Amino acid sequence: MNINDRVDQISTTIQELRQASADGRRSRQLVDSLFRTVHSFKATASAEGLTDLSQTAHEFENLLHSLRTGKVALNDNVLRAFDEALLALRHGSQPAAPKRVVQVTPTSGALLPTQFANLKDDERHRATAAMGEGANLYVMNAVFEVNDFDERFRQLKERLEQDAELISTSAAMLDGKIVFQVVYASQSEKIPVHSVLQQAVRAGQATAISLGKQIEFVVTGEELVLEKSVAEAVTDALLHLVRNAVDHGIESHGNVVIDVSAAEISVSDDGRGISRENLALVFQSGFSTGTDVTEFSGRGVGLDAAKTAVEEIGGSVSVTSEAGKGSSFKIKLPNPFKMPNPSSDA
């Protein structure tokens, strides 16, 4: 992208910012975007030896930094300074134009909870501004394999930004995997689907140990996020489905696979399967394929409870099975995966 293209991009963003000035979250996103574009313009101008343009971009960048850190507020004075800076960048004149807004009123911010004390200045401003608009702050730890973390994190970030404001991200290595800690602001609570799946896997592992079975649990699919009410229903259903697979599906050793897509969550096992005559009965209250009542099953309530939990939020649960080859339960939800959540490991 050449200098003229970047000037056009800056102009478009300024117009969008003027229209969105009453929308706090959107205006902060546009300021961040404008900051990145101006920074790129400065680098390009400097590389081409355009010293005056580079200096103008630097002054523009300083103003944007003050906005991003809450030292000045977005108002008519600042928007006029943006227009003057844009003219300077377009015509190579008035390199110090942005300095004319030094008297803009500083913003004030609420104190952040102690767990967010390490945020950078611009992140702190976004967080306090979002809280002032009625949002809550959340922390999510998303765990990715090294070989595909970039694409999976990009997908998660896109979903997050549909309904929430991204405050900060940081990454670290843990046991050969990449852990992203994400702080975001949202006016409705969101849950990362992976935290829900982990609860189901832990319940399955505990059941397998108690029953003396050798079972491998595999989680595959997309990195998604759920509304809190949806997450709670899915958690209840998955706990029953996974324990059912361990107790009834697999006799001594095998695999349980939980797969997530944008349309459904499935729990599959490679166990004994369900006979044709029982397949239509498994969700009936009081029906059980077990002959004994144990800590985990036998009362005929598990699958009925899973079905009820999902249907209460407008979803459905279905099952397919083949004798001797295993079973697959599929949870379908209406618009289930909208986005993430509260302090929890994903």
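Every read-out reported here was derived from the displayed coordinates using simple, explicitly stated rules and does not represent laboratory data. All of these numbers come straight from a predicted model, not from anything done at the bench. Glycine also receives a Cβ, built like all others from the backbone with ideal geometry; neighbour counts cover every protein chain displayed.
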**OP:** Please name whichever of VAL267, LEU239, ASN4 sits farthest to the positive end of the charge dipole of the chain, dipole taken about the Cα centre and charges placed at Cβ: Lys and Arg +1, Asp and Glu -1.
**Re:** ASN4
Original post:
Which length gain, in nm to one decimal place, applies between GLU133 and ASP121 when the Cα-Cα distance is subtracted from 0.36 nm times their residue separation?
Top reply: 2.5 nm
**OP:** For the chain, report the convex hull volume of the alpha-carbon atoms normalised per residue, in Å³, without decimals.
**Re:** 162
Subject >> From the C-alpha gyration tensor of segment 209-279, square roots of 5λ in Å >> reply: 24, 14, 12
Subject >> P(r) weight above 23 Å for segment 1-88, C-alpha pairs, percent >> reply: 17
Original post:
Among all the lysines, which ones have a C-alpha under 24 Å from LYS228's C-alpha, if same-chain residues fewer than 8 places away are not counted?
Top reply: LYS157, LYS190, LYS307, LYS330, LYS332, LYS338
**OP:** Treating only the Cβ atoms of Lys and Arg (+1) and Asp and Glu (-1) as charged, compute the dipole magnitude of the chain about its Cα centre; round to the nearest 20 debye.
**Re:** 720
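May I ask what percent, to the nearest 5, of DSSP beta bridges between residues of the chain are antiparallel?
80
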**OP:** Determine the gain in length on full extension of the stretch LYS177-GLU161; use 0.36 nm per residue of separation and subtract their C-alpha separation, reporting nm with one decimal.
**Re:** 3.4 nm
Original post:
Are there GluC sites (Glu not before Pro) in segment 1-99 that DSSP marks as loop and that have at most 13 other Cβ atoms within 10 Å, and which are they?
Top reply: GLU48
**OP:** Mind checking which of TYR184, GLN199, HIS58 is farthest towards the positive end of the chain's charge dipole, using Cβ charges of +1 (Lys, Arg) and -1 (Asp, Glu) about the Cα centre?
**Re:** HIS58
Original post:
Within the chain, which complete DSSP H helices have Cα atoms spanning at least 18 Å along the helix axis and a mean Kyte-Doolittle hydropathy of 0.0 or higher?
Top reply: 76-91, 193-211, 228-244
Subject >> Mean shadow area of segment 114-186 over all directions, Cα convex hull, nm² >> reply: 5.0
**OP:** Quote to one decimal, in nm, the extra length available between GLU222 and GLU48 on full extension: 0.36 nm per residue of separation minus the C-alpha distance between them.
**Re:** 58.3 nm
Original post:
Quick one: which of 218-225, 114-121 comes out on top by average Cβ neighbours within 10 Å, and what's the full order, highest first?
Top reply: 218-225, 114-121
**OP:** Rank GLY314, GLY132, GLY49 by mean-square fluctuation in a GNM of the chain with C-alpha springs under 10 angstrom and give only the top-ranked residue.
**Re:** GLY49
Original post:
How about segment 173-258: which chymotrypsin sites (Phe, Trp or Tyr not before Pro) there lie in a loop by DSSP and see at most 15 other Cβ atoms within 10 Å?
Top reply: none
Original post:
In debye to the nearest 20, how big a dipole does segment 192-332 give about its Cα centre with +1 on each Lys and Arg Cβ and -1 on each Asp and Glu Cβ?
Top reply: 180
